[in-house]
Amino acid sequence: RRPPRSTLFPYTTLFRSLFVDREGTLWIGAVGLFQLRGRGVIERYDVPSGMPGNIVWGFKRDREGTLWVGTNRCLVRAIAGSWKCVEGTEGRVFRGIVFPPQGGVFAGGSPSDLMYIDPAGRITSLDFDRNEDRTILSLAIGPEGDLWIGTSLGMYRLPHALPGPIQRVDIPRVKPNGRYA
């Protein structure tokens with residue numbers, strides 16, 4: 001027996017991420033990207049409406065207000081009312097997006113290398129524990145300014161959120177290859 005479909009979101013019952021922007025608008029990542037505009041108005045962005053990927057894993061706005069979306073096909077930016085894959089990110093899944101203090105963006109998912117896109121648009125790929133099959137599940141800038149990387153096989157840290165060596169973090173009383181979402 002299938003679970004009842006949502007009357008608000010008849011297209012899906014699996015939500016992957018939630019985001020409230022500066023205007024107080026709720027965004028929901030699922031099969032497509034949903035924007036609750038208020039007064040019961042819902043906009044859905046998906047492949048037929050121009051979104052490059054059909055599964056939305058995560059999304060955030062940068063300092064200038066541009067919406068970045070992690071999909072199952074590429075890292076997407078909303079530019080001038082349309083959705084564009086960031087050049088060099090095609091054929092990848094993006095689950096985590098974070099904007100470090102120095103500018104640019106870190107993004108990751110699968111394959112497991114961490115990507116840094118500097119403010120000029122140049123991409124640097126940062127590998128770690130290359131012989132392990134992992135997925136980056138989440139990214140966050142900690143209060144000390146380090147980038148924290150939650151993966152399907154453990155926790156990692158990039159000191160000062162600057163491209164460089166990524167360090168494995170062992171957490172007491174947690175199995176070493178645990179899942180960190």
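The values are calculated or read from the model by the stated rules, or taken from the named source; none is laboratory data. In this text, all values refer to a predicted model and were calculated from it rather than measured experimentally. Counting neighbours? That spans all protein chains shown, and the Cβs are built from the backbone with ideal geometry, glycine included. Surface accessibility is based on the protein's heavy atoms, side chains included, excluding ligands, DNA and RNA. Shrake-Rupley method; radii C 1.70, N 1.55, O 1.52, S 1.80 Å.
Which shape class, rounded, prolate or oblate, goes with region 19-70 when its Cα gyration tensor gives a ≥ b ≥ c as root eigenvalues, a/c under 1.5 marks rounded, and past that a/b bigger than b/c marks prolate?
Working: a/c = 1.94, a/b = 1.12, b/c = 1.72.
In terms of gyration-tensor shape, oblate.
Shape index of region 112-168: Rg/Rh, with Rg the Cα radius of gyration and Rh the Kirkwood radius from the inverse mean 1/r over Cα pairs, equals 0.95.
By accessible area of protein heavy atoms, probe 1.4 Å, what ranking do LEU153, LEU137 get, highest first? Numbers along the way, then the final one.
Numbers: LEU153 40, LEU137 20 Å².
Putting LEU153, LEU137 in descending order of accessible area: LEU153, LEU137.
Rounded to the nearest 10 square angstrom, ILE97 shows an accessible area of 10 square angstrom against a 1.4 Å probe. Restricting the trypsin sites (Lys or Arg not before Pro) of region 103-172 to loop positions (DSSP other than H, G, I, E, B) with no more than 11 neighbouring Cβ atoms within 10 Å leaves ARG122, ARG130.
Sorting LYS84, LYS60 on solvent-accessible area from highest to lowest, probe radius 1.4 Å, gives LYS84, LYS60. With θ taken as phi - 60° and the Karplus curve 6.51 cos²θ - 1.76 cosθ + 1.60 applied, the whole-hertz 3J(HN,Hα) list for region 135-140 is 10, 6, 9, 7, 9, 8 Hz, x standing for glycine and proline.
The charge dipole of region 18-117, taken about its Cα centre with unit charges on the Cβ atoms of Lys, Arg (+1), Asp and Glu (-1) only, comes to about 180 debye.
For GLU64, GLU43, give the ranking by accessible area with the largest first, probe 1.4 Å. Could you put the intermediate results ahead of the total?
Values: GLU64 150, GLU43 60 Å².
I get GLU64, GLU43, largest accessible area first.
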